[in-house]
Amino acid sequence: VLPLGELFQGAQAMADLGMPQEAIRLYETWLVHTTSPGAYAACFNLAVVRSSVGDDAGAEREYLKAIAIAPGFVEARLNLGTLYERMNRPDDALAAWQAILSDVPAVATKPALHVQTLNNLGRLCEIRKRLTEALDYLTRSLELDPDQPKVITHWVHLRQKLCIWPIYEALKGVT
């Protein structure tokens with residue numbers, strides 16, 4: 001019966017006091033007893049707390065629940081990919097982020113999350129030596145938001161690695 005906002009405040013207060021296990025129990029209890037359409041957000045926050053205490057399997061489970069309840073919830077998909085990357089599961093990370101682009105049409109209405117998704121994909125593809133894909137993702141990112149100096153640096157560096165001349169080529173909006 002606890003309203004969602006109070007749930008978040010209570011769990012955050014517990015976490016701030018160094019009581020993450022109590023915050024986890026609060027979220028779990030609330031989720032068992034709720035019919036709230038906001039349950040996806042509680043699953044997401046529970047995943048964040050689980051991740052903070054090193055329960056990666058539990059965090060993965062909760063992110064997947066949040067996504068199942070609210071497939072367009074981009075933040076859960078982004079965090080799931082980051083979790084997979086941290087767990088040394090790069091292919092799963094790439095799949096989670098690629099799913100944002102293919103499965104979530106709403107990402108186009110959330111420019112910052114769209115750019116973050118493309119940058120995550122570009123960065124991890126570069127690490128995995130998938131340079132052409134990395135360049136494509138970073139190009140798309142810069143087309144959405146040209147004011148990203150670090151991304152521009154990686155974009156130029158990728159063109160150099162791929163022997164694409166001239167190395168610097170004007171992109172719309174990038175100066």
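Within region 106-119, the only residue that satisfies the criterion of being open to solvent by less than 20 Å² (accessible area, probe 1.4 Å) and modelled with pLDDT under 95 is VAL107. Contact map, region 139-153: first residue free of Cβ contacts under 8 Å to residues at least 40 places away in the same chain and of a type in the set (D, E, K, R), second residue open to solvent by 30 Å² or more (accessible area, probe 1.4 Å) and assigned to a helix (DSSP H, G or I), Cβ cut-off under 7 Å, separation 6 or more or different chains; pairs are ASP145/PRO111. Consider region 83-95 and keep the residues that are in contact with a helix residue (DSSP H, G or I) (Cβ under 7 Å, 6 or more places away or on another chain) and either open to solvent by 10 Å² or more (accessible area, probe 1.4 Å) or touching a residue at least 60 places away in the same chain (Cβ under 8 Å) (or both). The one that is farthest from ARG123 (Cα to Cα) is MET87. So, ASP103, is that one under 20 Å from PHE44 (Cα atoms), open to solvent by 60 Å² or more (accessible area, probe 1.4 Å) and acidic (Asp, Glu) or not? Judged against the criteria, ASP103 is a match. Each residue in region 120-155 was checked for being part of a helix (DSSP H, G or I) and surrounded by 14 or more Cβ atoms within 10 Å (Cβ to Cβ), and 24 pass.
Among the residues of region 23-33, those that are assigned to a helix (DSSP H, G or I) and open to solvent by 70 Å² or more (accessible area, probe 1.4 Å) comprise ARG25, THR29, VAL32.
The values are calculated or read from the model by the stated rules, or taken from the named source; none is laboratory data. It should be emphasised that the depicted structure is a prediction, and the values quoted were computed from it without experimental measurement. As a convention, Cβ positions derive from the backbone with ideal geometry for all residues, glycine included, and neighbour counts pool all protein chains shown. The protein model used for the area step is the full one, side chains on, heavy atoms only, and it has no ligands, DNA or RNA in it. Shrake-Rupley method; radii C 1.70, N 1.55, O 1.52, S 1.80 Å.
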